[in-house]
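Quick note: the coordinates plus some simple rules give every number you see, no bench work behind them. Since this is a predicted model, take the numbers as computed values, not measurements. So basically every Cβ, Gly included, is an ideal-geometry build from the backbone, and we count neighbours across all protein chains shown.
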Amino acid sequence: MKHRNRQLLLAVVCAVLAALFFPSPEAAIAGSEDRTTSVTTREKGRTTTVVTHENDWDTWSDPGQDLLRMQRETLSSQEEQAREAGRVRRRDEVEKVRQKSSAEHEAYYDAILEDSQAALRAPLGVYYRKPGYVRTDAPASDGSAVEVGGISYQYDQGIFWLQQGARSIVVTAPVGAVVNTLPQGVTRVPAKTGPVWYFFGTFFAEKGGGYQVIKPPVGITVFYLPDGYSQERVNGVGLYRFGDILFKPVFVQGVLAYQAVEP
Amino acid sequence: MEFLSTEVLMIRKKMFPVLVAAGLAFALGVQLARAEGITPIDPEAARTLKTALDRIAGAKSFTFRAEISNDAPLPSGQKIEFSGTIEVAVRRPDGFWSAFDGEQRSTRSWFDGKTFTLLNNGKNVYASWPAPGKLDDLLDEMKEKLGFKPPLSPLLRETVSTTVLAKVTSGFAVGRGLIAGVPCRHLAFRGEKTDWQVWVSEDQEPVLKRLVITFKQEPGAPHYAATFIAWDFKPRLGDNVFAFTPPQGAVQCEFEKVQQ
């Protein structure tokens with residue numbers, strides 16, 4: 001009887017030791033949730049444990065992925081990134097060719113560059129014309145008339161046109177204008193005052209059943225500027241201007257962005 | 001002889017419950033692992049990877065060039081792949097330089113043990129951030145304070161050979177493959193948020209030839225891939241490599257800090 005008890009006691013002790021000796025695989029390889037972790041490998045009866053303080057792959061995220069994550073929270077800003085990438089590539093290509101060319105060809109390549117930029121201003125899928133663009137044909141039939149401060153504008157897919165005799169010219173969006181629809185490719189931007197939509201330098205906020213052109217809330221951040229922006233220095237600080245809006249550059253998670261500042 | 005037989009018999013009797021208990025514990029562990037879908041790390045896969053990473057960890061300085069591609073799943077479900085090239089120079093403990101030229105952006109980074117600077121090459125805009133210390137400290141601080149780290153930053157750490165395998169839940173050797181004509185061991189690992197594959201050359205001095213990371217918790221499970229074109233573990237890197245001089249007309253801005 002005594003012998004059996006000793007055997008039983010020995011079996012229990014051994015079971016505990018075995019449980020300790022054979023931890024669950026998760027514990028063996030995953031380690032704790034804090035920064036100290038361990039990796040245990042067994043080979044030919046030899047156990048090797050490597051203790052380390054951090055897992056990089058799982059916590060690592062590429063800045064590009066962070067940007068994409070932010071972009072996914074918007075409606076279609078990836079398309080804008082693709083367009084921007086295309087513009088940069090085209091410019092680089094043309095620039096490289098320009099550097100190799102002789103002086104007599106410079107004017108020719110300048111023309112190519114200008115044509116390239118002009119084509120890319122209306123990227124695939126999104127209609128856009130920068131302020132100053134003139135057309136002489138009739139305004140789009142699906143546009144709508146908008147009046148602000150006694151001036152009548154034609155609104156079409158995010159663009160505001162001003163009639164000048166037989167021609168129409170694109171102008172920066174007049175603050176206060178209320179439109180019924182947002183253009184394709186608009187980006188939703190979070191703001192303290194509520195959601196704001198951004199489209200090539202124009203900011204919209206919900207009003208009634210429509211959308212009103214607003215001055216951008218100070219501090220609001222966007223990830224692209226429209227063609228037609230200009231650079232200037234104010235008190236030694238480099239800023240970008242589009243119409244009446246001033247932006248300062250800022251790196252957000254390693255990605256260059258533009259933050260609206262007081263004009 | 002008879003005494004020995006009795007003794008052996010006694011030992012067998014004593015060891016019997018031990019063996020039963022050990023067997024039960026082992027079987028339980030295996031069942032738990034199977035139930036949780038966990039497969040232990042194949043020692044050969046871990047050893048092959050560690051050999052390549054030890055070479056990086058042990059180098060006083062190194063450079064590499066890699067072709068990068070990363071997926072961008074559009075809201076429509078369509079997946080777009082962007083490509084680029086990255087060049088990196090590291091001089092331990094506190095020198096880092098990188099140049100990335102991609103479809104989405106073109107950037108340069110410098111770290112000289114005192115300041116980290118990021119330049120958007122296309123827009124000629126840069127920001128500097130005081131970060132005295134080692135490169136490993138910088139990588140920790142950057143993620144915490146600035147919300148990002150340089151691409152392929154795990155490879156820059158002195159502890160790369162241990163940190164990369166931390167929290168890996170499983171791993172195995174897939175087989176052999178050719179990367180740019182070089183015979184490689186193809187390994188696959190799983191983590192909590194990412195699955196990743198590496199190809200390690202079968203040379204006398206193995207190096208990483210390719211890395212593919214799958215962000216499996218992201219919509220569309222995008223991939224990030226790097227194919228390493230060239231490694232140099234004995235580069236000559238002067239101080240000027242890691243010192244930043246603003247380009248002409250460059251605009252200085254700030255990093256937006258992560259809100260704690």
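Things to note:
- Neighbouring Cβ atoms from other chains, within 10 Å of the Cβ of residues in B:167-176, number 3 on average.
- For the stretch A:174-238, a Kirkwood hydrodynamic radius built from all Cα pairs, placed in the Stokes-Einstein relation at 4 °C and 1.567 mPa s, yields a translational diffusion coefficient of 100 µm²/s.
- Backbone geometry of the stretch B:155-170 corresponds, through the Karplus equation with coefficients 6.51, -1.76 and 1.60 at θ = phi - 60°, to 3J(HN,Hα) couplings of 6, 8, 6, 5, 9, 4, 5, 9, 5, 5, 8, 5, 6, 6, 8, 7 Hz, x marking Gly and Pro.
- Pairs beyond 22 Å (Cα-Cα), from B:Lys114/B:Lys234; A:Lys215/B:Lys149; B:Lys134/B:Lys234; A:Lys248/B:Lys114; B:Lys149/B:Lys193; B:Lys123/B:Lys193: B:Lys114/B:Lys234; A:Lys215/B:Lys149; A:Lys248/B:Lys114; B:Lys123/B:Lys193
- Cβ neighbours within 10 Å from other chains - mean over B:80-92: 1
- Rg of the Cα atoms in the stretch A:166-208, relative to 2.2 N^0.38 Å, amounts to 1.30.
- Exercise: per-residue mean of other protein chain Cβ atoms within 10 Å, B:153-163: 4
- Derived scalar couplings between HN and Hα for the stretch B:112-122 equal 10, x, 10, 9, 9, 10, 10, 10, 7, 5, x Hz in order, rounded to whole Hz, by the Karplus curve 6.51 cos²θ - 1.76 cosθ + 1.60 (θ = phi - 60°), x for Gly and Pro.
- Phi angles across the stretch A:229-236 convert, under the Karplus curve 6.51 cos²θ - 1.76 cosθ + 1.60 with θ = phi - 60°, into 3J(HN,Hα) values of 6, 10, 9, 8, 10, 10, 6, x Hz, Gly and Pro given as x.
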